[in-house]
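A.B. asks: Quick one: the structure is below, questions incoming.
The values are calculated or read from the model by the stated rules, or taken from the named source; none is laboratory data. Computed from a prediction, not measured in an experiment: that's the story for all the values here. Cβ atoms come from the backbone with ideal geometry, glycine included; neighbour counts cover every protein chain shown. What goes into the accessible areas is simple: the full protein's heavy atoms, side chains included, and nothing from ligands, DNA or RNA. Shrake-Rupley method; radii C 1.70, N 1.55, O 1.52, S 1.80 Å.
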Amino acid sequence: MSLSQAEVGKSMLVVRVSCDAKLRKHLESLGIMTGAELTPLSYSDGNMIVRIHDSRIAINSDVANNISVIKRSA
């Protein structure tokens, strides 16, 4: 599923990031890459806030649609 479909408050594992090299490098600098764990915190006007490591990051819906995630198993 895409990150934009993920349930708020549930830990997710990034399985793929589909974007151009420039955006991929930027996301990697924020810690968003294959294998990263993140948690959606809120949605607002199609945008979302996610927690990754100890940071909160805003992601617009276009970018979130290009990040594939799965629920992290306990």
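A.B. asks: Report the residue count in region 12-33 for those that are open to solvent by 60 Å² or more (accessible area, probe 1.4 Å), outside any strand (DSSP E or B) and either closer than 20 Å to residue 1 by Cβ or touching a strand residue (DSSP E or B) at 6+ places or on another chain (Cβ under 9 Å) (or both). Give the derivation first.
C.D. replies: From region 12-33, those open to solvent by 60 Å² or more (accessible area, probe 1.4 Å) are 15-16, 20-22, 24-26, 28-30, 33; that's our starting set.
If we keep only those that are outside any strand (DSSP E or B) as well, we get 20-22, 24-26, 28-30, 33.
In the following step, the residues that additionally are either closer than 20 Å to residue 1 by Cβ or touching a strand residue (DSSP E or B) at 6+ places or on another chain (Cβ under 9 Å) (or both) were identified as 24, 28, 30, 33.
Count: 4.
A.B. asks: Working only within region 52-72, note down all residues that are open to solvent by less than 90 Å² (accessible area, probe 1.4 Å) and outside any helix (DSSP H, G or I). I'd like the intermediate steps shown before the answer.
C.D. replies: To start, the set of residues in region 52-72 that are open to solvent by less than 90 Å² (accessible area, probe 1.4 Å) comprises 52, 55, 57-61, 63-70.
Passing the criteria: 52, 55, 57, 58, 59, 60, 66, 67, 68, 69, 70.
A.B. asks: Contact list please: Cβ distance under 6 Å, first residue in region 38-51 and in a strand (DSSP E or B), second residue among the basic types (Lys, Arg) and loosely packed, with under 14 Cβ neighbours inside 10 Å, pairs at least six apart or on different chains.
C.D. replies: Close Cβ pairs (under 6 Å, with a partner that is among the basic types (Lys, Arg) and loosely packed, with under 14 Cβ neighbours inside 10 Å) amount to 49/56.
A.B. asks: Exactly one condition in (1) open to solvent by 90 Å² or more (accessible area, probe 1.4 Å); (2) under 15 Å from residue 71 (Cβ atoms); (3) touching a residue at least 12 places away in the same chain (Cβ under 8 Å) is false for residue 5; which is it?
C.D. replies: Tallying (1) open to solvent by 90 Å² or more (accessible area, probe 1.4 Å); (2) under 15 Å from residue 71 (Cβ atoms); (3) touching a residue at least 12 places away in the same chain (Cβ under 8 Å), residue 5 fails exactly one: (3).
A.B. asks: Another question, if that's okay. For region 34-50, what are the residues that are at pLDDT 95 or above, surrounded by fewer than 16 Cβ atoms within 10 Å (Cβ to Cβ) and farther than 13 Å from residue 70 by Cβ?
C.D. replies: 41, 42, 49, listed by residue number.
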